[in-house]
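Participant: Supplied in structure tokens, the structure appears directly below.
All of the numbers you see were taken from the coordinates with simple rules; none came from a lab. These figures come from a predicted structure and were not determined experimentally. Here the Cβ positions follow ideal geometry from the backbone for every residue, glycine too, while neighbour counts run over all protein chains shown.
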Number of protein chains: 4
Amino acid sequence: MHSYSSPIKVGVAGATGYAGQELVALLSRHPHVNVVAAMSSSADSAARPMPRLARVFNGQLEPLDRDKLAGVDIAFLAVPEAAAADLGASLVHAGVKVIDLSGAFRIRNDEQRHRWYPATHALPAGAAYGLVEHYRDNVKRASLVACPGCYPTAALLAVLPLANAGVLDASAGVIVDAKSGISGAGRTPSDRTHFSENHGSVSAYGVLGHRHVAEMEQEIGTEVTFVPHLVPLDRGILETIYVKTAPGTTAERISDALHAAYDAEPFIRLTGDALPEIKHVAWTNFCDIGWRYEPSSRRLVLVSCLDNLVKGAAGQAVQNFNVVCGFDERTALL
Amino acid sequence: MHSYSSPIKVGVAGATGYAGQELVALLSRHPHVNVVAAMSSSADSAARPMPRLARVFNGQLEPLDRDKLAGVDIAFLAVPEAAAADLGASLVHAGVKVIDLSGAFRIRNDEQRHRWYPATHALPAGAAYGLVEHYRDNVKRASLVACPGCYPTAALLAVLPLANAGVLDASAGVIVDAKSGISGAGRTPSDRTHFSENHGSVSAYGVLGHRHVAEMEQEIGTEVTFVPHLVPLDRGILETIYVKTAPGTTAERISDALHAAYDAEPFIRLTGDALPEIKHVAWTNFCDIGWRYEPSSRRLVLVSCLDNLVKGAAGQAVQNFNVVCGFDERTALL
Amino acid sequence: MHSYSSPIKVGVAGATGYAGQELVALLSRHPHVNVVAAMSSSADSAARPMPRLARVFNGQLEPLDRDKLAGVDIAFLAVPEAAAADLGASLVHAGVKVIDLSGAFRIRNDEQRHRWYPATHALPAGAAYGLVEHYRDNVKRASLVACPGCYPTAALLAVLPLANAGVLDASAGVIVDAKSGISGAGRTPSDRTHFSENHGSVSAYGVLGHRHVAEMEQEIGTEVTFVPHLVPLDRGILETIYVKTAPGTTAERISDALHAAYDAEPFIRLTGDALPEIKHVAWTNFCDIGWRYEPSSRRLVLVSCLDNLVKGAAGQAVQNFNVVCGFDERTALL
Amino acid sequence: MHSYSSPIKVGVAGATGYAGQELVALLSRHPHVNVVAAMSSSADSAARPMPRLARVFNGQLEPLDRDKLAGVDIAFLAVPEAAAADLGASLVHAGVKVIDLSGAFRIRNDEQRHRWYPATHALPAGAAYGLVEHYRDNVKRASLVACPGCYPTAALLAVLPLANAGVLDASAGVIVDAKSGISGAGRTPSDRTHFSENHGSVSAYGVLGHRHVAEMEQEIGTEVTFVPHLVPLDRGILETIYVKTAPGTTAERISDALHAAYDAEPFIRLTGDALPEIKHVAWTNFCDIGWRYEPSSRRLVLVSCLDNLVKGAAGQAVQNFNVVCGFDERTALL
């Protein structure tokens, strides 16, 4: 863990996207942070004001400037993965710590990464996968933190304690049925994100071919069937996860594995039988996890939910930042 | 009223927009209609399928073909006003009756029309303003019917009986505060129609400068202050209309004027004190009108609502068509 | 098939619920039907007007009257299952054909039925399960038609052709993840149906314990894991169905089985790779079915969707009615 | 301004309603506050958990206990006005400062107050109307702060600077057309707050008879015509306000009056021509105000919006608390 003099100078590349705006808002209320650069690579940034941030962020939005960014203590990247791959590598090389929100640095296996993220490079030395609750020690000494994708965050937080405890029947695979708010599709208008195409509707997309599968399979080590759906709301993801347990698994064993993993974690709330709902996590950094289990059939249904722009993006990034800097993990997040 | 042999051959120009699709659906269930041409002028029409119309409309979508369109009995135009202005004039010239859903032929005063619809021409002989409930006789013998705009339809149906009865204090003007679903903004994606920009939000637009004002003022004959708002729903408009009555106006007088105008109308439902709601008119051709009146202050608040794609567009067009052809006005609309 | 003189006298018990209102609306536009009785058992029916049905249904709402109901040709029951069980049995006994929308007559196995619907009785002779596309002949000669539940309708229409063709790996079970609009929860206010608890949220309920499981397992003959979710919309269900195919199953085999079952069906639309969306079936009697298949892993994902109040309730009831009476099945439904 | 030793002991009566939960969340993150009592008067409070507050508020919910409440430094009341009237008076008598969110203490004129809030009493000495931006000095030394209603807050913040500057034509009155999210109707289920009755709909209520009119007229001193509407969203109010200006009023005059009033205010953002939207203020304590003016007709349209649960309730209460205690007004609110 590096030692910085407070306030820490941070820069944000990609400040006008939904995750970028959320990041600027969270960092603006962080008592130990000075946002010295909020940059947007989009040519039209001047034409896309950020009225939500008025009186919250008092700095100026500016065009992306690599040199200026190289002068900060810690840089947050909320840009597409091709840009992040280049920018992240050069910043690490310049000695700037990087917290990346894109998919550029999540997949360690080169073949898998190139399949899903063709424009990216091998991970730099000291890169950590920023699922804090499971890799906190790696994050503390990382040169670059790859924040997990929104869908993998919800799925892995629910499944990893069980996989690690040997409770799952790995041969049966894991099915993740995700329901996501539409802010996850970003700020660029399209037929898919048009209001009238989504109001009163639900649609599946990326069936059996979403790139977040690679990230989930990397961490869980078993086949993952993943189907994301757009549901008519703005912020939040709820995942319903279907697994089979190993023979002889009791309800206690499942509960114990989850509680052992998370009772001391500030942002994981286990709801047990009372299943979580998006409404309770929206606009927060919490991931809520509940489950129902039928021992006779060894069917286990987990429900995991979070806000895709907070715990699934900007909030998790700030949580990683807090770990990197040695602050209380909850700073600016409660 | 012209006499046609059944089924009547109709064509639709602009079949892939939201109003156009609604029109094709309604005409497909009309027992006396044969949709011989469903045309789209958009280059990308092939890339924008109409899954909602499968098994409903069994014809083929085709590119806009003026010659073919000139061969139908009655042509519906659901294209932007510049295209409608040209197409409408040439079809009338060719002896085809036209039902136009655009703004091209709504404003009789040339100066006003050019101000709001610069690319349009003088109205052809025999053009009628298709507010059936008030101009049915004109519509019957029209060469071209200009269907009213969605906002003016709701406002005029509420206000005209009172203006005609001399019940309004014209010097006070009319204030129309409209809440509209987002399908009214059409099918083209934009920042303004992006899901995440509208979910959980309300926004005003076109304040004091919306072109539907000219249409309302043409019919009411007094100053109209009009502010439309986007509300997070798909279909429907609710207008809250603030007027002052002439001195001495009683509650009975108001009620009598409205009931005299509409008790025999199949698509106007007066709800009196029980104010109408969008939910009750969505997916129907009804316009529901309610009101509250305080005689001591002469303040009258009218609430008028309809489905912008049906009574505010395609349904009203079919109602006009039924009048032109001499069918029961309710055909295909109940 | 019985022969009736037109128009057929029908009665509706439970006309004020959401499905009941939809039923009255559909029957009111049916050219061969006379709705002679629209009854509500709820004490407060007078206090719950049906503004949506004004000018659509011109009869009067009246309290439930068994004797009057026994005088109709065909009775529709849209009341809770305990009331439907009693009423249905007595009407059949009186020679009135019954179309029941409740769960009272869906489960043939007495033990299963009593477990999930305790207040019901053995099925009367001549009862048919009204999934028209699969049991049309039974429906034609039925004394009573038990309309399938909304969730089973969507699931069975997708899965039955594959189960019947021997394409499924039955040992792997069937997982049905359903996303439902909130009208499915009925018209009675509760914490669960409160607007602010659902807007911007998704919630799972009835995990591993919903009574529609019994109905699905009865028809499919294998273990069904079913998790319904409430999503923030009014009308519509989308089900994502996860199955494994039998070894050697090709993509063609799957496609052939579905097309053989449904190409001649007026209300089933196969969308293939272009997955269906609720928006395209809302307010219609269609069930749209699409799928994606990965032969190497034998993972098949089906997506099935319908409007829970139409194809999942009132529309399917009218479709059954049309079959019983020998009308074109599409009458009043297109 | 009283002097307290930090942390300040606060109690909340009515902690389970939507405003009460928001209040507990805001106070839990306040660095100078210790929430020693979170009380609910509702008998069923145990049955209505607050999953959103887990890990946010670490205390226990308890039944209402007047004696315990009399032991805090400052009490927040988020209970209905009859309970607030009694509780507030007795707490002030006991020397506890009170921040009340109900309507019990907003109307100074006894006749008006009894008309709209029959179960209330005369205001105690030292009661202040807690519209901080206009009555900060009164609030500083108040014994009890009556937080303004959600609708009046938005309307008064927009209109008061203009009324105070003599810019309005008072004889023309003020028309306030409000669009409100449904959380404003509270947490108790009813037909009016049922999800399916509001999704896809808009409805007006309380036309010409809402009790917030009295509060607006008290502050503005002229006739206010007020029509609130429910729009299908959870949190937020947008008000469109129609006024006439005094003869000769220029655009600059209007702009100057608003900027003079608010440029130094931390929670008022003037957006000028770029009209505000609910999305930009939801989950914040900001009130955003924009306007459009036509000098020739002297028509001025103001648009004002805020989050009804924050600036319209709990946030404004905490802002008042900060003023009473001498803290930076933004504490816990940015």
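Participant: Helix B:81-93 versus the longest principal axis of chain B: what angle, 0 to 90°, nearest 10, using Cα atoms?
Facilitator: Taking Cα atoms only, the helix is inclined about 70 degrees.
Participant: Ok, one more. Per residue of region C:107-115, what does 6.51 cos²θ - 1.76 cosθ + 1.60 with θ = phi - 60° give for ³J(HN,Hα)? Whole Hz please, x for Gly and Pro, Karplus curve as stated.
Facilitator: Computed from phi, the couplings for region C:107-115 are 9, 6, 5, 4, 5, 4, 5, 5, 5 Hz.
Participant: Residues in region A:284-325 near a label at D:Arg29, defined as backbone nitrogen under 19 Å from the 7 Å Cα→Cβ point?
Facilitator: A:284-288, A:306-323
Participant: Now for a different question. Rounded if a/c is under 1.5, else prolate if a/b beats b/c, else oblate: with a ≥ b ≥ c from the C-alpha gyration tensor eigenvalues square-rooted, which is region C:61-117?
Facilitator: Because a/c hits 1.5 or more and a/b exceeds b/c, region C:61-117 counts as prolate.
Participant: With viscosity set to 1.002 mPa s and temperature to 20 °C, compute the Stokes-Einstein D of region D:263-334, Rh being the Kirkwood radius across alpha carbon pairs; µm²/s, no decimals.
Facilitator: Once the numbers are plugged in, D ends up at 163 µm²/s.
Participant: To the nearest 20 debye, what charge dipole does region C:200-306 have about its Cα centre, counting +1 at the Cβ of each Lys and Arg and -1 at the Cβ of each Asp and Glu?
Facilitator: 260
Participant: Right, here's the next one. Once the label point is placed 7 Å from Cα along Cβ, list for A:Asp67 the distances to the corresponding points in the other copies, in nm, shortest first.
Facilitator: In nanometres, ordered from closest: 6.4, 7.4, 9.8.
Participant: Note the distances from D:Pro247 to each other copy's matching label point, with points 7 Å along the Cα-to-beta-carbon direction, in nm, sorted shortest first.
Facilitator: 2.1, 9.7, 9.8
Participant: For an R0 of 45 angstrom, estimate the FRET efficiency from the Cβ-Cβ distance between A:Leu208 and D:Ser190 and round to the nearest 0.05.
Facilitator: Efficiency computed from Cβ-Cβ geometry: 0.55.
Participant: Mind listing which GluC sites (Glu not before Pro) in region B:208-250 are in a DSSP loop and have 16 or fewer other Cβ atoms within 10 Å?
Facilitator: In loop regions of region B:208-250 (DSSP not H, G, I, E or B), the sparsely surrounded GluC sites (Glu not before Pro) are B:Glu223.
Participant: Please say if region C:246-304 is rounded, prolate or oblate, where rounded means a/c under 1.5 for a ≥ b ≥ c the square roots of the C-alpha gyration tensor eigenvalues, and otherwise the choice is prolate for a/b larger than b/c and oblate otherwise?
Facilitator: It comes out oblate by the Cα gyration axes.
Participant: Give, as a single signed number, the net charge of other residues whose beta carbon lies under 10 Å from the beta carbon of B:Ala78, with Lys and Arg counted +1 and Asp and Glu -1.
Facilitator: Net local charge, B:Ala78 excluded: -2.
Participant: With +1 on each Lys and Arg Cβ and -1 on each Asp and Glu Cβ, how big is the dipole of the protein assembly as shown about its Cα centre, in debye rounded to the nearest 20?
Facilitator: Magnitude of the dipole: close to 0 debye.
Participant: To continue, here is another question. List the lysines whose Cα sits under 23 Å from the Cα of B:Lys9, skipping any in the same chain fewer than 8 residues away.
Facilitator: Within the straight-line cut-off, B:Lys9 pairs with B:Lys68, B:Lys97, B:Lys140, B:Lys311.
Participant: Related question: Along the charge dipole of region C:193-251, Cβ charges K/R +1 and D/E -1, which of C:Gly206, C:Val243, C:Thr222 sits furthest on the positive end?
Facilitator: Most positive-ward Cα: C:Val243.
Participant: If you average the C-alpha positions of region A:149-179 and of region B:237-256 separately, how far apart do those two centres end up, in angstrom?
Facilitator: 63
Participant: Using the 10 angstrom Cβ neighbour count as an exposure proxy, how do B:Ser190, C:Ser201 rank, fewest first?
Facilitator: Final ranking by Cβ density, sparse to dense: B:Ser190, C:Ser201.
Participant: Need one word for chain A: rounded, prolate or oblate. Basis is the Cα gyration tensor (sqrt eigenvalues a ≥ b ≥ c); a/c below 1.5 gives rounded, then a/b vs b/c decides.
Facilitator: prolate
Participant: Could you compute the net charge surrounding D:Leu334? Neighbours are other residues with a C-beta less than 9 Å from the C-beta of D:Leu334; K and R count +1, D and E count -1.
Facilitator: Charge balance in the 9 Å sphere: +3.
Participant: Summing +1 for each Lys or Arg and -1 for each Asp or Glu, what net charge is found among the other residues whose Cβ lies under 10 Å from the Cβ of B:Leu309?
Facilitator: -1
Participant: Between 0 and 90 degrees, rounded to the nearest ten: what's the tilt of helix B:150-164 against the longest Cα principal axis of chain B?
Facilitator: Once rounded, the angle reads 50 degrees.
Participant: Hey, what do the phi angles of region B:221-227 turn into as Karplus ³J(HN,Hα) couplings, whole Hz, using 6.51/-1.76/1.60 and θ = phi - 60°, x for Gly and Pro?
Facilitator: Values per residue, Gly and Pro as x: x, 9, 5, 10, 9, 10, 10 Hz.
Participant: Also, I was wondering about something else. Taking R0 as 51 Å, what's the FRET efficiency between C:His93 and B:Ala251 from their Cβ-Cβ distance, rounded to 0.05?
Facilitator: 0.40
Participant: Here's a follow-up. Mind pulling the per residue volume of the convex hull built on the Cα atoms of region C:202-301? Å³ is fine.
Facilitator: Enclosed volume per residue, from the Cα hull, is 132 Å³.
Participant: Another question about this same structure. Given 37 °C and 0.692 mPa s, compute D for the protein assembly as shown with the Stokes-Einstein relation, Rh being the Kirkwood radius over Cα pairs; round to the nearest whole µm²/s.
Facilitator: Reported coefficient: 99 µm²/s.
Participant: Shifting gears a bit: Mind listing the phi-derived Karplus ³J(HN,Hα) values for region B:184-190, rounded to whole Hz, using 6.51, -1.76 and 1.60 with θ = phi - 60°, and x for any glycine or proline?
Facilitator: x, 7, x, 9, 8, x, 7
Participant: Another one. Please list log₁₀ I(q)/I(0) at q = 0.16, 0.21 Å⁻¹ for region B:22-147, using the Debye equation with identical point scatterers on the alpha-carbon positions.
Facilitator: Those come out to -0.84, -1.29, one per q.
Participant: Would you mind checking the tilt of helix A:251-262 against the longest principal axis of the Cα atoms of chain A, expressed as 0 to 90 degrees and rounded to 10?
Facilitator: 10
Participant: Now for a different question. Between A and D, which A residue has the Cβ nearest their rotation axis, distance in Å?
Facilitator: For chain A, the closest residue to the axis carrying it onto D is A:Trp283, 3.
Participant: While we're here: Loop only by DSSP, 16 or fewer other Cβ within 10 Å of the Cβ. Give me the trypsin sites (Lys or Arg not before Pro) in region D:92-172 that pass, ordered by residue number.
Facilitator: D:Arg108, D:Arg141
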